[in-house]
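Each reported figure results from applying straightforward, stated rules to the coordinates on display, with no laboratory input. Bear in mind the structure is a predicted one, so any value in this text is a computation, not a measurement. So basically every Cβ, Gly included, is an ideal-geometry build from the backbone, and we count neighbours across all protein chains shown.
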Amino acid sequence: GDSVTQMEGPVTLSEEAFLTINCTYTATGYPSLFWYVQYPGEGLQLLLKATKADDKGSNKGFEATYRKETTSFHLEKGSVQVSDSAVYFCALKLLPYRDDKIIFGKGTRLHILP
Amino acid sequence: DTAVSQTPKYLVTQMGNDKSIKCEQNLGHDTMYWYKQDSKKFLKIMFSYNNKELIINETVPNRFSPKSPDKAHLNLHINSLELGDSAVYFCASSQVGGNTIYFGEGSWLTVV
């Protein structure tokens, strides 16, 4: 079935370190891919998205490229900040099926140390 | 204006009670969802409605009953609450065939 697999956390980094959170997917059809972020005690926010192969989504210094050949959508940031500490969810949405839904990975908790 | 709004944000209630969480979206979307986030942060879809019609009903106890009075609203009613129902419940919406889903801020339910 359709699924999303992302690296298990928690991931702990020092401020200004380089971040990669791996995400791979399995899907029938051509999904759109997303990264959502959940800050402590808050709801889900869309961080970035990509809707077709080779698209790059970017926001707040984060980037992810839709790689169809490796079925991956890894999240990267060149220099993390303490304020980036949150749980990050990779997700896919299948199109154009009527019963479209978004499928989430299990989330990766990120801790950034000052 | 909040695109997807849900109330209440926090709810503490006793086992056996019946409670509802309301959700409204002002985006003109056709599809609305309820997701449950457990204590391990795992997000799982519960229900999906398209134009007031139930589309997805994952394996959810019958105590959970969604109600969609119109396509802008999807409420979640829970009967006979159990301790295991404690979770964060997220409402969301999207356009059919669209490529983005928008989430509400979540409702933190604690059953004691």
(request) With a point put 7 Å past each Cα toward its Cβ, work out how far residue B:38 is from residue A:13 in nm, to one decimal. (result) 2.9 nm
(request) Take B:85, B:38 and order them by how many other Cβ atoms sit within 10 Å, fewest up front. (result) B:38, B:85
(request) Provide the percentage of antiparallel DSSP beta bridges, counting only those with both residues in chain B; round to the nearest 5. (result) 90 percent
(request) For the range A:1-77, state which chymotrypsin sites (Phe, Trp or Tyr not before Pro) are in a DSSP loop and have at most 12 other beta carbons lying within 10 Å of their beta carbon. (result) A:18
(request) Report the local net charge at residue A:17: Lys and Arg +1, Asp and Glu -1, summed over other residues whose C-beta lies under 15 Å from its C-beta. (result) -3
(message) Could you derive backbone 3J(HN,Hα) for the range A:8-19 from the dihedral phi with the Karplus parameters 6.51, -1.76 and 1.60 (θ = phi - 60°), listing whole Hz in sequence and x where the residue is Gly or Pro?
(response) 7, x, x, 9, 10, 9, 8, 4, 6, 6, 8, 10
(request) Rank these for me by crowding, B:12, A:11, B:111, going from fewest to most other beta carbons within 10 Å. (result) B:12, A:11, B:111
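Taking the Cβ of each residue in B:91, A:23 as the centre, tally the other Cβ atoms inside 10 Å and list the residues starting with the fewest.
Listing B:91, A:23 from fewest to most nearby Cβ atoms yields A:23, B:91.
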(message) Give me the Å³ per residue figure for the convex hull around the C-alpha atoms of chain A.
(response) 96 Å³
(request) Mind giving me the FRET efficiency for residue A:81 and residue A:28? R0 is 22 Å, r the Cβ-Cβ distance, nearest 0.05 is fine. (result) 0.05
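Looking at chain B from every direction and averaging, what is the projected area of its Cα convex hull in nm²?
6.6 nm²
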(request) State which entries of B:9/B:67; B:22/B:52; A:101/B:71; A:101/B:36; A:68/B:40 exceed 21 angstrom in Cα-Cα distance in the structure shown. (result) A:68/B:40
(request) Enumerate by residue number the trypsin sites (Lys or Arg not before Pro) in the range A:32-114 meeting two conditions: DSSP loop (anything except H, G, I, E, B), and at most 15 other Cβ atoms within 10 Å of the site's Cβ. (result) A:52, A:60, A:68, A:98
(message) Please compute the length gained on full extension between residue A:3 and residue A:39, using 0.36 nm multiplied by the number of residues separating them and subtracting their Cα-Cα distance.
(response) 10.6 nm
